[in-house]
Each structure stands twice: as C-alpha cells, then as structure tokens.
Amino acid sequence: MSHRLTTTAIRTAVVASALAATAGLSVLPAVASAPAAPAAPVVAAPVVPAAHTVPTAPAAPAAAARSSALQNALGKIGAPYRWGASGPSAFDCSGLVKWAFEQEGISLPRTSRAMASAGTPVSKSALAPGDIVTFYRPVSHVGIYVGNGQVVHASTSGSPVKTSSMDAMPFNSARRV
C-alpha cells in the first residue's frame, strides 16, 4: 500500500510541478534571497461578441470550382446519351452534372429532381456560368448554365451532350453550389 501511495504522490508532484512551471511558478524552495522581477503585464486581445461577427463564405474557391465543373461538362460535348449513365464516356442529364462537379470535389445528388434542392437558389436573372439549371414541372431535366442563355446538357436518347438555348426547354429553377 505504501508503494502505491508513493507512486501516486510522485505522479501528483510531477503533474503539479509541470502545471506550476507552465504558469511560471516554482514548487521548489527559494534558493536566493533576491526579489523576483515583476511579471510583465498580460494584455488580452479584444473579444468581439459573436453577435457582431459576419461569417464569410469562400466565394472565390466556389466560383472557380463551378467554372471548372462547367469546363468539365463542355469537354464532354459529343459524348453519347445513355439513360442512367454517369460518365466518363456516356451520360444522362443528371449523370453529366454530377460527374462534372465531382471532378472538382463537389458531391451532388444523383437525380435531376434532387439536384433542384442542392446548394442555394438563384433567380433566372442572376444566373452565372456554372450554375445548375433545372427544367420542366416537375423537374425532369438538368444542365449547367454556360452563359448567354445557353446550357450544356445530355438531352435525350440519340442526342449527344451538347449546348442548347435555355429557351428551348421550360425553365424550372437554378441552384448555385
């Protein structure tokens, strides 16, 4: 029992010494009689209450990823349409969009209807290249906005990945990821 007590006492003393040293204190008896130098004042950094902080989104990296995803999709122009395919050699509409964004590390749902809820909503007038655009009611088609009223998409069986005017399909919604 005394060995156990001694081991516990030693561990406690070692931990106390380490904590005291970290705090600038000593647990050893004073050897010199000279007074200790006064401690430097500690100045804390100002604290801003959480209610006054404004979180910022990493807009530049996200915009670059959308631009790259768009380029990925444009690089697949001419690839065949195949229902249920998600690349890299054939695509359906949601497979193309999912694949293009996955190349940039952005995970999207697999279906066009689910993609209509991904990211944040964007009005048609605020579309930017790389935004996801959905068509028909209920949503049954998806593509990536190119700019100038154009969308890149895998449209239908027998038609390869291509760009089309957004006016060729009934616009439903747009999302930004």
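What follows is calculated from the coordinates using simple rules that are stated; it is not laboratory data. This one's a predicted model, so the numbers in the text were calculated from it and none came from an experiment. Using ideal geometry, Cβ is built from the backbone for each residue, glycine included, and neighbour counts are taken over all protein chains shown.
Figures for the structure shown
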| quantity | calculated |
| --- | --- |
| One residue from Ser140, Ser165, Ser68 being under 19 Å from the mean Cα position of the chain (by Cα) and not basic (Lys, Arg) | Ser68 |
| Verdict on Val139 being buried (at least 16 other Cβ atoms within 10 Å of the Cβ) and either touching a helix residue (DSSP H, G or I) at 6+ places or on another chain (Cβ under 6 Å) or among the hydroxyl-bearing types (Ser, Thr, Tyr) (or both) | yes |
| Tally of residues being under 19 Å from Pro138 (Cβ atoms) and surrounded by fewer than 17 Cβ atoms within 10 Å (Cβ to Cβ) across the range 85-112 | 3 |
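Yes/no matrix, rows are residues, columns are (1) of a type in the set (A, V, I, L, M); (2) assigned to a loop (DSSP other than H, G, I, E, B):
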position: Ala65; (1), (2): yes, no
position: Gln71; (1), (2): no, no
position: Lys76; (1), (2): no, yes
position: Ile106; (1), (2): yes, yes
